[in-house]
Each structure stands twice: as C-alpha cells, then as structure tokens.
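This report concerns only the one structure given below.
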Amino acid sequence: MSRTPDEDLVAEAALGGPVGHGTESGTVYRRFDVARTGRFLLRRPGLLLSILLVAAVCAASFGPGLFTARDPLTGTPSRAFRPPSAAHWFGTDELGRDLYARVVHGAALSLKATLIAVAVAFVLGGLLGLLAGFVGRWVEDVLMRFVDVLLSIPALFLSLAIVTALGYGTVKVAIAVGVASVATFARVMRAEVLRVRQAVFVEAARSCGVRWSGVLARHVLPNAIGPVLVLATLDFGTAILAVSALSFLGYGAAPPAPEWGTLISEGRNYLANAWWMTALPGLTIATTVLATNRIARALDGEFARAS
C-alpha cells in the first residue's frame, strides 16, 4: 500500500532518517562508487596531486623518520650554507643543519598548531551559529552582535592581541588563530541552520511531538554541518598561513624548534648568499596551502556536479 508524501515526511520525522521510494524495502541507500570516484580523480590530476601532497605532509607530521633520517637540531659547521644538492635536498643553514630535515620535522609543529586552530574555530563558531540560528530571538541578537565585533577586527591583529595576552608557544598561537576565525564559522553555521529549520521535515518532526533536542541532533545538525566542514577544509590553509605568520614574528615555539614560520624568519638574514633558507620553506607553505584549497573546492559541490 503506497503512502502519501505527507505520510512519508511524518514517518521520516518519527524514525529520524529518510524514507526512500522505488525499492521493495522502501529505503534507498547510496553506495560509494569507487569507479566513479576514480574517474573523477583521474580527470583532475591537480586534485589528485593535491591529495597526495597533503597526505605526505600529514605523514611527515606523524612519522618524520619515513622521509629523512637526519637530525634537524644537529649540524656540521663545516657544511654551512651548502646549496641544494643530492646530499642536501634543501641545502643547509648557517649551522650546517640539513634544511630538508628541519622542514620535515617542522611539519609536526605547524600541523599540530593548524589542527588545534581549526578545531577551536569549528567547535566555538559552530556552537555559536547553531544556538543563534536554532534558538533565535534575543539569543540570536546577542550572539550575532558579538560575531560582528569579531568580524570588525582584522584576523591577524586579533590573533596578535590574543597571543600577546596568552604568551608565547605553539599551542597558544593555535588558540589565538582559532579564536580569530570563530566569527566566520558562526555566520556559516547560522545561515545553514536557518535554512534547515524552515524545511518541511523539521516541521513534520515538531508536529510529531519530537523534543527540540531530538530535532536539533537528528535533523538540523546533520543537514547543516556539510558547508561548515567544507569551510574547515578551506580554513586549514588559512590557518597554516596565520600560524606561520605568528611564528615568523617570534610568537611560536622557541628556537631551535623548526617551525615553518621560524625557518623563514631565520633565513631572511641570509638572503644574499643563502636564498634557499627562506625560499624553500616558503614554497613548502605555499604549496600546502594551495593543495588544501584545491581539495576544499572539490568538496564544495564539484564532485556532485561532475556526476
């Protein structure tokens, strides 16, 4: 016996999941198409290269020994200022330390700070936007005016103010960068919650007597979180730049810790005779940021449009 669309909406609201059509069981399940995904990646070599690059950076941050066996803190003074070669891929610095080893080991510090920054922005901004969009009324007004204040301050200046108050260190830099990005996540989450809150299946859930917590957890949040996750991927690259900028200014881990921003700061004094000390760590940062931005663009509907 077939059901009307309204009955399907009520059933969906009561069960907490979509009710499909056209199958004997009454539910349509989407399967992950490996062949389609493979064709999608093969037609976009830039995206495939970006995924491999980000995967390599993540692997270097957790297992730097997979990429180099050299000690990033120990150098040979007689090998100072060696240009890039087969023996030293990125050359050596003023103390004869292998710059490639320092970049590889620095990935752990920079990626750790970036992940903390994105997590802080995602959690705090997501909660603010979720409350503002779902509760509404005066709660929304108060929270969004706070968000407007954050947006009125340039992100780098806000990060500098926060890290100056907190003190130096990798984790404190990450928290400062994350707080500076809270406003963007809050606005995106609020916009998505307002869109989903007006959907028919949410109204059906309320008419069935589902509690507001159930509506929020089973209907609103799962349908509003997608764009925020894409924003987190895009913000990953921005956070790398912000963390590196603060490390460049001396707010990160104390030397000789090989943070990427610190490496660029150390090399700027030797640009005349050792350009690689600044150029190659900077190129690593730029390449990683571009790769994460390319992945974020693919996640932002490109795969769905290609189908």
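Here are a few things to note about the model shown:
- When the residues of segment 245-270 are filtered to those that are assigned to a helix (DSSP H, G or I) and free of Cβ contacts under 8 Å to residues at least 24 places away in the same chain, the one that is surrounded by the most Cβ atoms within 10 Å (Cβ to Cβ) is 264.
- Any chance residue 242 is out of contact with any helix residue (DSSP H, G or I) (no Cβ under 8 Å at 6 or more places or on another chain) and either closer than 27 Å to residue 99 by Cα or in contact (Cβ under 8 Å) with a residue 24 or more places away in the chain (or both): no
- Listed conditions (1) touching a helix residue (DSSP H, G or I) at 6+ places or on another chain (Cβ under 6 Å); (2) surrounded by 17 or more Cβ atoms within 10 Å (Cβ to Cβ) are all met by residue 293, apart from (2).
- Within segment 103-135, restricting attention to residues that are in contact (Cβ under 8 Å) with a residue 60 or more places away in the chain and β-branched (Val, Ile, Thr), the residue that is farthest from residue 170 (Cα to Cα) is 103.
- So residue 201, is it in a helix (DSSP H, G or I) and farther than 24 Å from residue 243 by Cα: yes
- Annotation for segment 119-141: at least one member residue is in contact with an Asp or Glu (Cβ under 6 Å, 6 or more places away or on another chain), at negative phi and of a type in the set (A, V, I, L, M, F, W, C).
- Hits in segment 148-174 (condition: among the polar types (S, T, N, Q) and within 17 Å of residue 238 (Cα to Cα)): 159, 170
- Residue identified as at negative phi and touching a residue at least 60 places away in the same chain (Cβ under 8 Å) among 182, 215, 171, 196: 182
- Among (1) without any contact (Cβ under 8 Å) to a residue 40 or more places away in the chain; (2) surrounded by 15 or more Cβ atoms within 10 Å (Cβ to Cβ) - the single one residue 163 does not satisfy: (1)
- Residue in segment 119-131 that is under 30 Å from residue 278 (Cα atoms) and crowded, with 24+ Cβ neighbours inside 10 Å present: yes
- Within the set 129, 178, the sole residue that is in contact with a Lys or Arg (Cβ under 8 Å, 6 or more places away or on another chain), assigned to a helix (DSSP H, G or I) and not acidic (Asp, Glu) turns out to be 129.
- Every residue from segment 84-105 that is buried (at least 23 other Cβ atoms within 10 Å of the Cβ) and among the aliphatic types (A, V, I, L, M): 99, 101, 103, 104
Residue by residue, here is whether (1) farther than 27 Å from residue 111 by Cα; (2) of a type in the set (Ser, Thr, Tyr); (3) touching a helix residue (DSSP H, G or I) at 6+ places or on another chain (Cβ under 7 Å); (4) modelled with pLDDT under 90 holds:
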| position | (1), (2), (3), (4) |
| --- | --- |
| 5 | yes, no, no, yes |
| 11 | yes, no, no, yes |
| 14 | yes, no, no, yes |
| 17 | yes, no, no, yes |
| 27 | yes, yes, no, yes |
| 35 | yes, no, no, yes |
| 43 | yes, no, no, yes |
| 67 | no, no, yes, no |
| 84 | no, no, yes, no |
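The values are calculated or read from the model by the stated rules, or taken from the named source; none is laboratory data. Quantities reported herein were computed from a predicted structural model and do not represent experimental measurements. Ideal geometry is used to build each Cβ from the backbone, glycine not excepted, and the neighbour counts take in all protein chains shown.
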